[in-house]
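The values are calculated or read from the model by the stated rules, or taken from the named source; none is laboratory data. Owing to the predicted nature of the structure, the values given are computational and were not obtained by experimental measurement. In this analysis, Cβ positions are derived from the backbone assuming ideal geometry, glycine residues included, and neighbour counts consider all displayed protein chains.
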């Protein structure tokens, strides 16, 4: 295939504005995040001198992006292309809040960059509700202490700087089904509930914004309510995780993996501010439905 | 003055991670502030050997990518004052980190710690280049086997090419009785081939498997010969001279002491 001019190939997933400083970068929601990212790298790499040292306004539309991915992109743009992302335009509220608080980006209103961005489908309108001011609490300096969370009296642990609690509105309706055993090193991350038909081995990781159900044994790490939803739970037929996280809490089970006879299905959920593990008797934690997130 | 030592071997399975864990603990036990850093991204093990796996929240890649601060990712060993682990990421690969990033990370660690030990992955690719990037010197681990020694020789060349000072050698899994009967390469044979200074000989022992499975490195067991060998390596690394090699001492009580150890009494309460 002949070398394409810089903006014909990637242009479906990436649009650059005409104004150079600040440069408007629009990543289309149609392409996958990875391809949009690599297309952007190609575009910027095609004329490194032109883009070196400029500031950019990033527009990701209504893409519900993993917050760490956003940070990774901003770092990569600065390190690889000398492009400093100073502002962000996007719809998902959690991303905006995170961008403002953690990445110190200016969050733009819809109109501010609209003139510089090629016409695209407007993202579905998300009703804007005013956010109550959240007090800034600097995360602890030291490593978070992961305390043993026994089946009887589990100890909660505060994880620092995890994403802010988010209303579990969108997560509830989505489910990802995983039809395989997750071996060490593999990970599943989903904005919704995750069901695994298989085991989750030590060294593997399941992260869900909703709840996690494992029809097999959990020996690795499961994180339910990854956006801070305390009502999420982790259910497994054999619950021996390396570590378990619900919302912003982190706990480890009391016994070393492999110890003792199998106990049958168990469920881990948050009760009175701590993660507890109980035998599963066909009933989900009753309080979890109406438990509100502070 | 703080120092970064990379523990490497070329060949896999010769005991790099075990050596890193034990030397790190031994240095910490002698009062040094030590950070052990697992550079084996994607195949992390050091956390398991140290028994700290379930306390991992953040890892090296999170630090490098700015998702957390260095201090948040460092796991403090509760058994020994002064030992901290920076674990590797398990769900990423070696290319998630560059040598430049490692150099900066090690420089940052050296501000706080007396010793930074880097557990290098097997091989001579990106993982190796990352591991030697910030190192001040190297510790080469080998076993008395021709394949391990061949790889060690290659690695010594690469360490020299990376402009590190002459590396030191640890011979692991040494069996004095087999050497005496002529069935195993001797210390002299190995040193003749590799021609670098020897900093320790660790005797072969079954106990090391039990230590690894329990996440309790041998150094924590005062009865262990292997632990004693690593303690002496730590002393030599700190500049002590004229310490005899454990593996060459012919004490008749060696195996009986190992058997005594099998009872494994006191160490359990430290498990967390």
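Quick notes on this structure:
- Test: residue in the stretch B:99-115 that is surrounded by fewer than 21 Cβ atoms within 10 Å (Cβ to Cβ), within 9 Å of another protein chain (Cβ to nearest Cβ), assigned to a loop (DSSP other than H, G, I, E, B) and in contact with a helix residue (DSSP H, G or I) (Cβ under 8 Å, 6 or more places away or on another chain): no
- Residue tally, condition in contact with a strand residue (DSSP E or B) (Cβ under 6 Å, 6 or more places away or on another chain) and outside any loop (DSSP other than H, G, I, E, B), over the stretch B:157-186: 7
- Residues being crowded, with 24+ Cβ neighbours inside 10 Å and within 18 Å of residue B:110 (Cα to Cα) - total across the stretch B:27-42: 8
- Flag if residue A:39 is in contact (Cβ under 8 Å) with a residue 12 or more places away in the chain, more than 14 Å from chain B (Cβ to nearest Cβ), crowded, with 18+ Cβ neighbours inside 10 Å and at negative phi: yes
- Scanning the stretch B:62-73 for residues that are under 15 Å from residue B:44 (Cβ atoms) and either surrounded by fewer than 20 Cβ atoms within 10 Å (Cβ to Cβ) or facing chain A (nearest Cβ under 10 Å) (or both) yields a count of 3.
- Extreme residue, farthest from the other protein chains (Cβ to nearest Cβ), among residues of the stretch A:236-246 that are closer than 20 Å to residue A:284 by Cα and surrounded by 24 or more Cβ atoms within 10 Å (Cβ to Cβ): A:236
- Hits in the stretch A:219-235 - residues which are more than 13 Å from chain B (Cβ to nearest Cβ), in a strand (DSSP E or B) and buried (at least 24 other Cβ atoms within 10 Å of the Cβ): A:224, A:234
- Qualifying residue in the stretch B:76-90 (condition: within 8 Å of chain A (Cβ to nearest Cβ) and over 21 Å from residue A:69 (Cα atoms)): yes
- Identity of the residue in the stretch A:251-267, modelled with pLDDT of 90 or more and within 14 Å of chain B (Cβ to nearest Cβ), that ends up surrounded by the fewest Cβ atoms within 10 Å (Cβ to Cβ): A:252
- When the criteria are applied in full, residue A:58 fails the requirement of being within 14 Å of another protein chain (Cβ to nearest Cβ), crowded, with 17+ Cβ neighbours inside 10 Å and free of Cβ contacts under 8 Å to residues at least 60 places away in the same chain.
- Complete set of residues in the stretch A:191-212 that are in a strand (DSSP E or B) and surrounded by 24 or more Cβ atoms within 10 Å (Cβ to Cβ): A:194, A:196, A:200, A:206, A:208, A:212
- Residue check, residue A:23 within 21 Å of residue A:90 (Cβ to Cβ) and touching a strand residue (DSSP E or B) at 6+ places or on another chain (Cβ under 6 Å): yes
- Considering the stretch A:190-205, the residues that are under 16 Å from residue A:179 (Cβ atoms) and within 11 Å of chain B (Cβ to nearest Cβ) include one that is farthest from the chain's Cα centre (by Cα), namely A:201.
- Residue in the stretch B:43-53 that is away from every other protein chain (no Cβ under 13 Å) and closer than 19 Å to residue B:236 by Cβ present: no
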